[in-house]
Structures are given as C-alpha cells and as structure tokens.
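For reference, the structure is listed below as structure tokens.
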Amino acid sequence: MSIDFAARLQTVLARIHDAERRFQRPVNSVRLLAVSKTHPANAIAALATAGQSCFGENYLQEALDKMAELRALELEWHFIGPIQTNKTRGIAEHFAWAHSVDRVKTAERLNAQRPATLPPLNICLEINIDQEPSKHGFDESEVAHVARRVAALPRLRLRGLMAIPAPASDFDGQRQPFARLRELRDRLNAEGLALDTLSMGMSDDLEAAIAEGATLVRIGTALFGHRA
Ligand SMILES: *Cc1c(COP(=O)(O)O)cnc(C)c1O
C-alpha cells in the first residue's frame, strides 16, 4: 500500500492554517518543518513533489546520505538532533539551520567551521523549558548571557529559541511551556536581541504551540507515519 504524502501534507497544512485562524495569528506566519528522521529518501522526495521544501534531520550520517540521494532537489535542511562535538563540521557544511544548539562551545565550533561560501548558519538555542534534569538545553536563567555571546558570532545568525516540552495530557497543559518560551523570547528581544523564531510544536501539540506564538512547527509522525 503506498502512502498518499500529498494528502498528509494537506492535512497538516490545514491544521496549521486552522490554528492560525483560531488563535488570531497572521496567515502563513507558521512554517512547517517536515521531520524525516528514520524515513527513506523516497518518502522525502514524495513530500517534496507535493510541495514541501524544508526537512529536519536528527542524525548527521543518515542526513548526509539522504542529501546525496536527493541533491537534484532544492531542499532546505535543518539539523534538530543532539549535537555531538565531532558532528559540528558536517552540520556547518551541509545545513541551513541548527535548532538544537545547547552549549556555547557548539556554537563557537559551528561559527568557526561554517564555510565562507555559504550564508551564515541560522541558529536556535535549545531551552530546557521544563527544567528536566535529563534533558538537553540551556536553563532560562543563563540564556540571556548565552544569546548575547552567540549573536556576536559572525558566521552564525541567531534566529530564536527551540524547546521540546514534556508531554502534557490536555490542551492547557500543553500551552504552558510554550507560553514560557514565548515570554522568554519577548524578554530577550526587550533586552535588544532580534529573535524572530520560536521553533516549537510537534505532531501531537502543534495547535497549542501555534496558540502561543510558534513560528515553525517540527512535524514527523503526522507526515511520515510512525517511526520504526
Ligand atoms: C522527532 C522530532 C520531532 C517530530 O516529532 P513527531 O512527534 O513525530 O511530530 C520534532 N522535533 C524533534 C527535535 C524531534 O526529534
């Protein structure tokens, strides 16, 4: 049985546009990032044919293999997985965005390794918004200092904040961490930064994220199906 990727894409875009309307967000203020980790290049190609151009990957080698297979297509690649030190060069050389920067050292390496032939690498700082001990991400208390340091790196362009909140069972519970991320972005902008991106919301909570100001939602399962 073949999957109807065009229909799935239309369903997800309709969810995004319905949420924009329902929560008084401007039309087309939320971008869709299709998260293709563990899914094959032909699934990405099918979604690209249906009109999707931005794809998110979590594992560097898997991503590089798919990029090579898909090099004939004009796609924009976003790195969204944990960034180990030995992976920064591959990310700096092959991606347009990195959403999961959770150490200053990682940002400094990406800055040093970004090729001069490419535009600056777009960066989101990952925030541990629920203060879970096991989670990646900066604490809210340190992010102002970190953001100023990262914003000063010339081969990077600091765009905003990213978070993966702990799952919540109801809509109001889903909204709370997203609201905290939005308030954090607003405080940083009031202090002189110019962050235009809130990377938040996945298949199960994209409406709550849009209600709280997401500008980019990262959607895997609702587009590609469950991961093996
Ligand atoms: C896998 C992943 C997603 C997509 O999650 P779904 O629930 O499948 O939509 C989004 N963001 C990150 C960082 C991920 O690792």
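Tabulated values for the structure
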| item | result |
| --- | --- |
| Dipole axis of the chain (+1 Lys, Arg; -1 Asp, Glu on Cβ), positive-most option in Leu184, Ala96, His78 | Ala96 |
| Contour minus Cα-Cα distance for Ser53 and Glu74 (0.36 nm per residue) | 6.8 nm |
| Descending Cα extents along the principal axes, the range 164-228, whole Å | 43, 22, 17 |
| Cleavage-rule hits (trypsin sites (Lys or Arg not before Pro)) in the range 164-227: DSSP loop, at most 15 neighbouring Cβ within 10 angstrom | Arg227 |
| The range 192-223-the range 68-117 distance, computed between alpha-carbon centres (Å) | 20 Å |
| Computed accessible area, Ser134, all protein chains, 1.4 angstrom probe, square angstrom | 110 Å² |
| Cubic angstrom per residue, convex hull over Cα atoms of the chain | 132 Å³ |
| Percent RCO, i.e. relative contact order, over the chain, from Cα pairs under 8 Å lying at least 6 residues apart | 21 percent |
| Environment charge at Val217 (Cβ cut-off 12 Å; Lys +1, Arg +1, Asp -1, Glu -1) | -1 |
| Mean residue ellipticity (222 nm) of the chain, computed from DSSP H runs ≥ 4 via -39,500 (n - 2.57), nearest 500 | -12000 deg cm²/dmol |
| Net charge of neighbours whose Cβ lies under 13 Å from the Cβ of Tyr59, counting Lys and Arg as +1 and Asp and Glu as -1 | +1 |
| Those GluC sites (Glu not before Pro) in the range 48-127 that DSSP places in a loop and that have at most 16 other beta carbons within 10 Å | Glu74 |
| For Asp172, solvent-accessible area (1.4 Å; no DNA, RNA or ligand), Å² | 100 Å² |
| For the range 72-192: Kirkwood Rh in Å [reciprocal of mean 1/r, alpha carbons] | 15.0 Å |
| Around Gln176: net Lys/Arg minus Asp/Glu count, Cβ-Cβ under 10 Å | -1 |
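The values are calculated or read from the model by the stated rules, or taken from the named source; none is laboratory data. Everything numeric in this text was worked out from a predicted model, so none of it was measured. Backbone-built Cβ (ideal geometry, glycine too); neighbour counts: all protein chains shown. Only protein heavy atoms, including side chains, enter the accessible area calculation; ligands, DNA and RNA are left aside. Shrake-Rupley method; radii C 1.70, N 1.55, O 1.52, S 1.80 Å.
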